[in-house]
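The values are calculated or read from the model by the stated rules, or taken from the named source; none is laboratory data. Predicted model only: the values in this text are computed from it and were never measured. Here the Cβ positions follow ideal geometry from the backbone for every residue, glycine too, while neighbour counts run over all protein chains shown. Surface areas here come from the heavy atoms of the whole protein model, side chains and all, with no ligands, DNA or RNA. Shrake-Rupley method; radii C 1.70, N 1.55, O 1.52, S 1.80 Å.
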Amino acid sequence: MQIEITGIGSEFQGVGRAEDGRAAFIPGALPGERVEASVFKNADRFVECRLEQVLSASPDRIAPRCPHFGVCGGCRAQHVTYQKSLDLKRQIVEQTVRRIGGLADAEIRPTLGAENPWRYRNKGEFAVSTDRATNLPVIGQCEGGSHRVVGMSDCLIQHELSMKAVSAVGQWMQKHKISVWDSCGREGGLRYIVTRVNVREELMIILCTTGRAVPSVESLQKTLRDALGGKVKSLYQLTLSPRPHHALDGRCRLIWGQPELTDQLFDLTFSISPQTFFQVNHAMTEALYGEALRAAALEGHETVLDAYCGAGTISLALAQKAKRVIGVELNAKAIEDAKQNAARNGLTEKTRFIAGDAPEEALKLFSQGLRPDVIVVDPPRKGVEARLLSAMVKCSPERIVYVSCNPSTLARDLKILTESGQYRVEYVQPVDMFSWTEHVENVALLTRV
Ligand code: SAH
């Protein structure tokens, strides 16, 4: 059927109306276009369609730069100019905040874009398998919804060094006919290659495996040296847990080199080990944290609570401008990293890091009399727990800075915070951390009424 695209969905799909009036979601279609589409999924109130043909194209449509676009599933917005993708992300945030948050006049600012939206990822995760027919290694991404690995010679959002590293590992596998030691073999094998690159262009490579030790290590080192000179600083083997939840779910062993890399945000130094969480887009992390700092508007006398603080990256940037920062984070290893990072940057005196559940620990702190002037939250996609939101309102900080990677839960939580009548949303600032994908980060500032 033919559909006029009138809007954009939260996953960057074109939205229009099917013949029967139900909403139709069409990945790959853009607002302003007329398309031919076919239904592949029926729900009560909407249909999901496949784009068959663009009948009349948007002036903002461009040819995707990446040959894997559409198959890989990593990027969903390469068919539109970068500027338009920023506008559409703003629109997604705006409609979500209005619809779910019920905030008719909250200011949604234009999306802060990247100077260079390509090759921004400082961390790569590549799936590995062996082609049954040729016995050659296939390294790339799992096809959406399956475990089939789609080979990729390049990924345009990855750092070039990550791609070189991965290609060198592929050469080494080929040279040594490392096919029994593959993901199909029962004995175990190489499942993923994870790469991390810091601002100084130093690399950490993590071979995520099941089963036995990595064979022909000297040859691998030589291949990496030939391809990357001295840039590879550390090589790890990670033995995956029996049923891994992600590529880095397991135990690490340093094969060669130094145990950690360091990275820099502003004038702060952070250590990166294989399993440490660190934001993946360096330039835009500084932009995002810059927005969080601006929203916090610290003068130096404040006590700040940073909930969901990870390895303390935002906490330490805040600590440079505040009297005291308390960071809370569920992951005990991240809290160890945060403490080390504080020491490394001479900020131990001004910071306290607590490992635990954010709602539980915050409630404990409030009941002990802590009254932060500013509360910063940066929760995972599911947002902030309702009991923490209501405790935050009761505790009455001057400002709440909400850093979010999910507009829907941000909108839901802004609604809860503002319904108290004690807080108002000053603005929401979208930040393009994940260019060419459907994702958008936001910093929302709430002030006490
Ligand atoms: N602010 C950090 C990390 C943000 S990611 C940064 O910018 O790097 C969100 C963090 O929330 C993760 O580190 C995750 O481990 C943590 N987290 C998830 N659930 C939590 C909970 N219930 N209590 C505290 N932290 C939690």
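A full extension of the chain between Asp357 and Ala297 corresponds to an added length of 18.9 nm, given 0.36 nm per residue minus the alpha carbon distance. Between Leu254 and Glu426, the simple label model (points 7 Å from Cα in the Cβ direction) yields a spacing of 4.4 nm. For region 31-66, list residues with backbone N below 17 Å from a point placed 7 Å from the Cα of Glu4 toward its Cβ? Only 31-37, 55-59 fall inside the zone, counting backbone N under 17 Å. Taking the alpha carbon gyration tensor of region 220-313, multiplying each eigenvalue by 5 and rooting it gives semi-axes of 33, 18, 11 Å, largest first.
Sites listed here are GluC sites (Glu not before Pro) in region 290-394 whose DSSP assignment is loop and whose Cβ has at most 11 other Cβ atoms within 10 Å: Glu299, Glu349.
Considering only Gln158, Gln13, Gln174, the Gaussian network model of the chain with Cα springs below 10 Å gives its largest mean-square fluctuation to Gln174.
Which helices, counted as full DSSP H runs in the chain, have an axial Cα extent of no less than 27 Å and a Kyte-Doolittle average of -0.5 or above? Kindly include the intermediate steps, with their values, before the conclusion.
Working: long enough: none.
Once both thresholds are applied, nothing remains.
Build a GNM of the chain with springs between Cα atoms under 10 Å apart, and of Ser404, Ser390, Ser271 the one that fluctuates most is Ser390. Taking a straight line from the alpha carbon of Lys123, these lysines sit under 28 Å away, with near neighbours fewer than eight places off in the same chain left out: Lys84, Lys89, Lys164, Lys175, Lys177, Lys222, Lys231, Lys233, Lys333, Lys339, Lys382.
Contour minus end-to-end for Thr348 and Trp118, with contour as 0.36 nm per residue of separation and end-to-end as the Cα-Cα distance? All intermediate terms of the calculation are to be shown ahead of the outcome.
Details: separation 230, 0.36 × 230 = 82.80 nm, distance 3.63 nm.
Length gained, Thr348 through Trp118: 79.2 nm.
When the Cα positions of Thr210, Pro372, Thr269 are compared along the charge dipole of the chain, Thr210 comes out farthest toward the positive end, with charges on each C-beta of Lys, Arg, Asp and Glu. In whole angstrom, how far apart do the alpha carbon centroids of region 102-116 and region 194-272 sit? Cα centroid of region 102-116 versus Cα centroid of region 194-272: 37 Å apart. The helix-based estimate of mean residue ellipticity at 222 nm for the chain, built from -39,500 (n - 2.57) per DSSP H run of four or more residues and divided by its residue count, is -8000 deg cm²/dmol to the nearest 500.
Counted over region 285-346 with a bin width of 10 Å, the fraction of Cα pairs per bin, in whole percents, is 25, 54, 21, 0. Counting only Cα atoms, the size of region 2-61 along its three principal axes is 33, 21, 16 Å, in decreasing order. Given +1 at the Cβ of Lys and Arg, -1 at the Cβ of Asp and Glu and no other charges, the dipole of region 123-259 around its Cα centre is 340 debye to the nearest 20. Whole-percent P(r), the chain, all Cα pairs, 20 Å bins from 0: 23, 51, 25, 0.
Among the DSSP beta bridges whose two residues both lie in the chain, what percent are antiparallel, rounded to the nearest 5? Intermediate results must be reported in sequence, preceding the final value.
Values: 66 of 97 bridges.
In the chain, DSSP labels about 70 percent of beta bridges as antiparallel.
Here the accessible area of region 183-244 is 46 percent carbon and sulfur, with a 1.4 angstrom probe and all protein chains present.
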